[in-house]
Amino acid sequence: MSQVFGTPRNPAHTVTRTDRFGRPISLDLRTPEGNSVLFTGPPGMGKTLELDRAEALAKRQGWVGIRVDASPREPLENRFVRKVTEDLGTIRKRYGMLGARRLNKLVKDLGQRTRNRQNGAEIRVMPVPFVQGVAKTQWDANAQDSAGTTLNELADQLGELAANRKPPEPVLLMVDNLDVASERDLAALTELSAHLEQQRRPVFLIAAGGELAATRLMAASGGLSKIATAVTGRFDVREVGAMTDDELKPALTEPLRQAGIAYQPRAVDRLVRSANGDPTRLRDLAETVLPMALQSGGVTVDVAKVATAQVNDKSRVLYQAAWNNCSDTEKDLLAKVAAHGPHGLALPGDTGIAALGRWQELDADRQNLVARGMLREGGDRITVADPGLQEWVQTRVGQSAAHLGIAPPTGPAHAAVTESTRPTTTREYKGMTFHLNT
């Protein structure tokens, strides 16, 4: 990213995000309504950036902030224990030698507990002359079920240290990327949320995940019951969704103004409309616009048109990969929505699928595509979230090809890109990682 617009994690202009009531969603602008906060929304909308802001707030205030990423391969308690161990020096400076020593003793005990295994060997005597030796490694049952207990004990110790400060100060336990968390880890987080609410100490759980994060937390707590609903009700859920044009526009115009780069209002409007509320797509457009603007003396309508076409063209291979990742019924729904253009379509009437008795399947497809950031819901309609993807799908299914001027993905240009003998590169689109031929 250029020096003009900053980086995705440190943009030159920070946009103030608001909820449907006009309240800021960032924790440095509005305090939580309980001990647990969940940032949720489609890929690329800025959930991680909200955790960055919370972490920066903790550093400015001198609070303890422990941040980890969820992983499908390593339990959360392991990650928290390791992170606290790494931060013991900072904790010692904040809470003194005695407090740090007690915390160090606890994390050592917790670390040993999470590594607690039963190891042994079993000899099986087969008919002579065969003797079979089998090595056995098994998780201790108590260790396997200790995720919630471990996090609760860790939170209690940190909360005790924070409560002894005058005045008491917050401790932030932050978890990003809930989408890949195991059911066991999600259950542990719901247990931790309940524990924090009961203890009423200045310890806060701050998590971030996709559109289905709240649903997965609910399911992990025991299903869609009143008890499960109460679990998610403990979270102060803050949606990080698509931004309005008025919210998104300053992220483009303010850096240009500060850098002394001229721009035409109509050009800015065109780029913002093309971003369609997605700050990640606007960043791609801004990166593409900047070199041309510096050469031509500013951001003009023609420059904006060329930049949009280039971004869409560079994204074609990602669109193809995302399409290939869809089921047949998901492709069918995506094609129907794209065919309706930027206004999208209403469900279920416009699809023709409900009449065939496939409403449940259609609804599951819709949820999956929304969760992956490919479709977007608004009121009673759904649209394709990325205008470039919308055009690509229209071309893919044979609509508006002449108007769009883009070669179908089955044409020679696409074949050259996807040739299996070409070297590969790894790229992300809407939270999905693809290994692409280059």
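The values are calculated or read from the model by the stated rules, or taken from the named source; none is laboratory data. Note that this is a predicted model, so its numbers are computed, not measured. All Cβ positions, glycine included, derive from the backbone under ideal geometry; neighbour counts span all protein chains shown. Side chains are part of the model used for accessible areas, which takes the heavy atoms of the whole protein and leaves out ligands, DNA and RNA. Shrake-Rupley method; radii C 1.70, N 1.55, O 1.52, S 1.80 Å.
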- [ ] Kindly provide the set of residues from the stretch 20-46 that are under 21 Å from ARG376 (Cβ atoms) and touching a Lys or Arg at 6+ places or on another chain (Cβ under 8 Å), ordered by number.
- [x] ILE25, LEU38, PHE39, THR40, GLY41, PRO42, PRO43, GLY44, GLY46
TODO: For residues that are modelled with pLDDT of 90 or more and part of a helix (DSSP H, G or I), tally how many sit in the stretch 218-246.
DONE: 2
- [ ] Looking only at the stretch 27-46, decide whether some residue is at pLDDT 90 or above, open to solvent by 40 Å² or more (accessible area, probe 1.4 Å) and in a strand (DSSP E or B).
- [x] no
- [ ] Please enumerate the residues belonging to the stretch 57-97 that are part of a helix (DSSP H, G or I), open to solvent by less than 40 Å² (accessible area, probe 1.4 Å), among the hydrophobic types (A, V, I, L, M, F, W, C) and over 15 Å from PHE39 (Cβ atoms).
- [x] ALA58, LEU76, PHE80, VAL81, VAL84, LEU88, ILE91
- [ ] Have a look at THR244, THR308 and point out the one that is open to solvent by less than 50 Å² (accessible area, probe 1.4 Å) and out of contact with any Phe, Trp or Tyr (no Cβ under 6 Å at 6 or more places or on another chain).
- [x] THR308
